[in-house]
1. Per residue, how many Å² of accessible area does the range 23-75 show with a 1.4 Å probe?
2. Need one word for the range 141-246: rounded, prolate or oblate. Basis is the Cα gyration tensor (sqrt eigenvalues a ≥ b ≥ c); a/c below 1.5 gives rounded, then a/b vs b/c decides.
3. Between GLU193 and GLN14, 0.36 nm times their residue separation minus their Cα-Cα distance comes to what?
4. Might you work out the accessible area of SER152 for me, using a 1.4 Å probe with all protein chains in place, and round it to the nearest 10 Å²?
5. Heavy atoms of the protein only, probe of 1.4 Å, neighbouring chains included. What is the accessible area of GLU235 in Å², nearest 10?
6. Could you tell me the center-to-center distance, by alpha carbons, between the range 13-40 and the range 123-152 in angstrom?
7. Can you tell me which of PRO13, PRO217, PRO182 moves the most in a GNM of the chain? Springs connect C-alpha atoms under 10 Å apart.
8. Evaluate the charge dipole of the chain about its Cα centre and quote only its size in Debye, nearest 20, assuming +1 on the Cβ of each Lys and Arg and -1 on the Cβ of each Asp and Glu.
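The values are calculated or read from the model by the stated rules, or taken from the named source; none is laboratory data. The model shown is predicted, which means the values in this text are computed figures rather than measured ones. Counting neighbours? That spans all protein chains shown, and the Cβs are built from the backbone with ideal geometry, glycine included. The accessibility values were calculated without ligands, DNA or RNA, using every heavy atom of the protein model including side chains. Shrake-Rupley method; radii C 1.70, N 1.55, O 1.52, S 1.80 Å.
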Amino acid sequence: MPIPSHFNSENVPQHIAIIMDGNGRWAKQNGKARVFGHKSGVKSVRSVSEGAAEAGVKYLTLYAFSTENWNRPKAEVTALMQLLVSTISRETKTLNKNNIRLAAIGDLGSLPRNCQSELEKAIENTSSNTGMTLVLALSYSSRWEILAAIKSLLNDVKSGTLDAATLNETVFNNYLCTKNIPDPELIIRTSGEHRISNFLLWQAAYSEFYFTDILWPDFRKENLWDAVTDFQNRERRFGKTSEQLK
Ligand code: FPP
């Protein structure tokens, strides 16, 4: 479905981040195993990536696997990793067709070897695309990221590469996985949960939040465009008063 003509293409967030939630409940509702929900969720990933690119979004970050997700039953973790590998390798062609560059944030070294190599291959094969960047958050959690940044920063101070007195937000940003990515203006969470779940805590300082009851496997590009429309009707004040913005 093409983007509707009434869609306002002004003031589209340049970065949207999504907590894709509800795969398990969707599977249960359909009398299937949880993995079936994740598999169906890939259709939503495809539709939403396409819809974001069509809307002119520059960065789309998808929370595909959190640090905490390693604690799920082993069979589910294995199935999710396999799904990631097969999806990444299968979708590279479509990413290129849509001029989408793939990127990833998280503790990528903790992923299974085949997942790492498939990811590296897809990132390399899409690196010259100039349209949207699709960022997969994999084995990611904000607290892990912030701690890793602090450890690396302390090392640099110790070795003399960084003068602690010059530390500010911009310098700190450069130690995060998202160093080359602008902060998300809009964060969406599906499935009726109203939590941030260790996702982009530093980067979400001024993000707008959009919650929907739709379960991730039912979420499509039209729902993304609705979220963008909702965002466009909000006043972002960044701590100022309404009058100051006029
Ligand atoms: C949350 O639903 C979803 C996940 C932990 C995994 C998301 C993964 C995919 C959509 C598939 C692969 C993605 C890519 C980018 C190829 P849940 O299992 O927590 O649902 P529940 O809360 O209903 O149990």
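1. Numbers: 2690 Å² over 53 residues.
In whole numbers, the range 23-75 has 51 Å² accessible per residue.
2. Values: a/c = 3.24, a/b = 1.67, b/c = 1.93.
Taking the square roots of the gyration eigenvalues as a ≥ b ≥ c, the range 141-246 is oblate.
3. Numbers: separation 179, 0.36 × 179 = 64.44 nm, distance 2.42 nm.
So the chain would gain 62.0 nm between GLU193 and GLN14.
4. Here the accessible area works out near 50 Å².
5. 90 Å²
6. 21 Å
7. Per the Cα network of the chain with a 10 Å cutoff, PRO182 tops the list.
8. Details: 29 positive and 26 negative charges, 144 e Å.
In total the dipole reaches around 700 debye.
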